[in-house]
Structures are given as C-alpha cells and as structure tokens.
Amino acid sequence: MSASNIQSRESTAQQVSNSTSWKIKLLYDGECPLCLREVNFLQKRDAGRGLVAFVDIADEDYSPQAHGGVDFETAMGRIHAVLPDGTIVKNVEVFRRVYETLGMGWVYAMTKLPIIGAIADRLYGIWADWRLRLTGRPDLATIVADRQKQLECKTQGRCQMQ
C-alpha cells in the first residue's frame, strides 16, 4: 500500500469522525483501484466541504454498526451509502445521490427515468459482479475469509504464519 493511500485512509477516517455536516456517507472499497479513482474524483469535487463522508470498508476498523449496519460482505457486493436519517441506499441510487449532493446531479439525471434507470441498474449489477475479477482480485468469498482471519488475528493478538 502506498503512502498516499495510507494518508488518504487516515484523512478519510478523520473526515468521517469530525464532520457533522455530511449529507451522505459513501461506503467504498479502498482496495479497489477503480473505486479509489472515483472516490478521489468525488473528494476533489467535495473540496473539503464535508458534504460526503467517505468510508473505506476495507479499513480493518470498519464498523457496520457505525454505518447503517451494512456489513463488510454486503458492502463489498454492491455499493452502499447511508443518509443522515439512517436510510440505506445502494447501487446506482448511491451515485445519483452523491453526484446530486456535490452539485453534479445532471451526470446521473437520466437514470431517474424508469426505463433508463432499470437499464443502468442492470448494467451496474453486471459491473459489480465482475469488479473483483476485472481488477485482478480474488473472489468475494476469498476476500471475506481473508478479512475474517485478519480480524481474528487482531482481536486474539496472535497469528500463525502460513
């Protein structure tokens, strides 16, 4: 992991915990290079206003309880966001809401139309199913199992090297 990724994760964690003005909390996979590219773009558009709280679900300290109860495996399967009232949104609706919050709602405006929205949701589902393979990562079951081992190692304070 590069120093810029580590710095980004630390500043992201601080931004989420320090900001009370967020309008939407975006749960993203910080191990996904394509996801990180999108998050970096959105962070620049947010320009430090704190309208979007960026939460890296790949961070070992990710807590589902603090983020609408969305567990790691669920969040890895499809993109999710949490609204200030606790409402969970997922799939293309997340992008619509985030872009609207950042004043770029026009980008996803067409997806509000029933037919176009259904097509966009279907295409996103295909993308989400293939995202890990396309980025050269293990399948979801392997990632979840590896994460569980890491968390057990951390909580038990001892690990076995394989």
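The values are calculated or read from the model by the stated rules, or taken from the named source; none is laboratory data. Only a predicted model underlies this, so the values are computations on that prediction, with no experimental measurement involved. Reconstructed Cβ throughout: ideal geometry from the backbone, glycine too, with neighbour counts over all protein chains shown. Note: accessible area is taken over every heavy atom of the protein model, side chains too, but ligands, DNA and RNA are not part of it. Shrake-Rupley method; radii C 1.70, N 1.55, O 1.52, S 1.80 Å.
The table that follows gives values for the structure above.
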{"item": "Complete set of residues in region 60-89 that are open to solvent by 40 Å² or more (accessible area, probe 1.4 Å), under 20 Å from P138 (Cα atoms) and touching a helix residue (DSSP H, G or I) at 6+ places or on another chain (Cβ under 8 Å)", "result": "E60, D71, E73, R78"}
{"item": "Condition check for T20: surrounded by fewer than 13 Cβ atoms within 10 Å (Cβ to Cβ) and either part of a helix (DSSP H, G or I) or modelled with pLDDT under 95 (or both)", "result": "yes"}
{"item": "Residue count for region 109-133, restricted to those that are aromatic (F, W, Y) and closer than 27 Å to L51 by Cβ", "result": "2"}
{"item": "Any hit, region 32-53, residues being among the acidic types (D, E) and more than 19 Å from D129 (Cβ to Cβ)", "result": "yes"}
{"item": "One residue from G86, G136, G117 being within 16 Å of K23 (Cα to Cα) and among the small types (G, A, S)", "result": "G86"}
{"item": "Conditions (1) in contact (Cβ under 8 Å) with a residue 12 or more places away in the chain; (2) of a type in the set (D, E); (3) within 24 Å of T142 (Cβ to Cβ): number failed by E38", "result": "(1)"}
{"item": "Members of region 35-59 found to be in a helix (DSSP H, G or I) and in contact with a helix residue (DSSP H, G or I) (Cβ under 7 Å, 6 or more places away or on another chain), listed by number", "result": "L42"}
{"item": "Any hit, region 98-108, residues being under 15 Å from F54 (Cα atoms), touching a Phe, Trp or Tyr at 6+ places or on another chain (Cβ under 6 Å) and of a type outside the set (G, A, S)", "result": "yes"}
{"item": "Scope region 135-148; condition out of contact with any helix residue (DSSP H, G or I) (no Cβ under 8 Å at 6 or more places or on another chain) and either in a loop (DSSP other than H, G, I, E, B) or open to solvent by 50 Å² or more (accessible area, probe 1.4 Å) (or both); matching residues", "result": "G136, A141, T142, D146, Q148"}
{"item": "Residue count, region 98-110 (criterion: part of a helix (DSSP H, G or I) and open to solvent by less than 60 Å² (accessible area, probe 1.4 Å))", "result": "5"}
{"item": "Qualifying residue in region 60-69 (condition: in a strand (DSSP E or B) and farther than 23 Å from C153 by Cβ)", "result": "no"}
{"item": "Which listed residue, of L123, L113, L151, L132, is surrounded by 13 or more Cβ atoms within 10 Å (Cβ to Cβ) and modelled with pLDDT of 95 or more", "result": "L132"}
